[in-house]
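Chemist: Pasting in a structure now, in structure tokens, and then I'll have a few things to ask.
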Amino acid sequence: MNRPRRKQEDASAGDDRKVVPYSVGYAKPPAEHRFKKGQSGNPNGRRKGSKNKPKVDTGHGMRAAEEYLRQEAYRSVTLREDGELIELPAIQAVFRAMGVAAMKGNRFAQKTMAELVTNLEQRDADARFELMGNAVEYKEKWTNEIERCEKNGLPVPDPVPHPYDIIINPNNGDVRIEGPKTREQKQRFDEALARRAEAQEEVSYFADKYRRSRTDKMKVRYLEEWHWEQRMFDVLNDILPDRHKAKLEDRSYREGASRQGNALVELRKNRELRGEYVGE
């Protein structure tokens, strides 16, 4: 029978060397597979701790140079400002240095920065008024179509976004949409309207039950249901755009009832008092 490998190595070192038992197993590789002193365990691989670099497709038509430029423009750089180290995207650091040079009187930096800012503002203005023009055209087209259908008794279209939800400020070209902008948003919007209508029915139902009840026990129960559905109505109604708001019939003004315009704040406050998590 052959002697164990470790004992053979120890024997070759001399009879006076003490034999130390060594069992090959997990985290204990044989001697020929152990790392040699002074030699890297991964000489041809990437360095330990190095970060993954974003891969850029350099194939034909992939515009790899533009992608490399973006990576360089937005990579973080560290610089000292007012005695403190700060990190900025490289392109912002370039603009900041240009601004500092301009303020110190560098005419080339002044001219370049003024042109950049002027061109940027002009592009923003052009884009804003182009958006306004498209919004005016869209709003006028669908408004005329809706009025035509209503006048002739035809099915009224319900485009998304709805022209009545498009608010245009002709003074500054600002355009905002106070309503659903996509079909997915429209579906959730319709569900909210349906739940609000259901809450109105429940409020009227429990309000009538409360008024007709002759026992204190049932009055307490009906009032609790009344207030719950009223809060649901107010929460939904408060988050809807002004054009879609509605007035609640049979509103309760008793203690504990929600108030229009404050339902969300009141609900959050009540949950905080009860120690419930209310989110950020």
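The values are calculated or read from the model by the stated rules, or taken from the named source; none is laboratory data. The structure presented is a predicted model; accordingly, all values stated were derived computationally and were not measured. Because the Cβ atoms are built from the backbone with ideal geometry, glycine has one as well, and the counts that use them run over all protein chains shown. Only protein heavy atoms, including side chains, enter the accessible area calculation; ligands, DNA and RNA are left aside. Shrake-Rupley method; radii C 1.70, N 1.55, O 1.52, S 1.80 Å.
Chemist: Just the accessible area for LYS181, please: 1.4 Å probe, Å², rounded to the nearest 10?
Modeler: 110
Chemist: At most 12 other Cβ atoms within 10 Å and a DSSP loop assignment: could you name the GluC sites (Glu not before Pro) in region 214-269 that fit?
Modeler: GLU249, GLU255
Chemist: Normalising by the residue count of region 59-145, find the relative contact order in percent from Cα pairs under 8 Å and 6+ residues apart.
Modeler: After rounding, I find 13 percent.
Chemist: How much of MET232 can a 1.4 Å solvent probe reach, expressed as accessible area in Å² and rounded to 10?
Modeler: Using a 1.4 Å probe on the heavy atoms, I get roughly 40 Å².
Chemist: Going out from 0 in 5 Å bins, what whole percent of all Cα-Cα distances in region 114-174 drops into each bin?
Modeler: P(r) over region 114-174, rounded to whole percents: 4, 17, 20, 17, 12, 10, 8, 5, 4, 2, 1, 0.
Chemist: Normalise the Cα radius of gyration of region 95-231 by 2.2 N^0.38 Å (N = residues in it) and let me know the number.
Modeler: The value comes to 1.94.
Chemist: Using bins 10 angstrom wide from zero, how does P(r) for region 194-233 break down, in % of all Cα pairs?
Modeler: With a bin width of 10 Å, the distribution comes to 37, 48, 14, 1.
Chemist: Okay, next question. Say the cut-off is 32 Å between C-alpha atoms; which of LYS151/LYS247; LYS217/LYS247; LYS186/LYS247; LYS181/LYS247; LYS186/LYS219; LYS217/LYS245 go over it?
Modeler: LYS186/LYS219; LYS217/LYS245
Chemist: From the gyration tensor of the Cα coordinates in region 62-172, what semi-axes in whole Å does the equivalent ellipsoid have, largest first, with each one equal to sqrt(5λ)?
Modeler: Calculated on Cα positions only, the semi-axes equal 49, 18, 14 Å.
Chemist: How high is the relative contact order of region 191-232? Use alpha-carbon pairs under 8 Å, at least six apart in sequence, and give a whole percent.
Modeler: Value for region 191-232: 49 percent.
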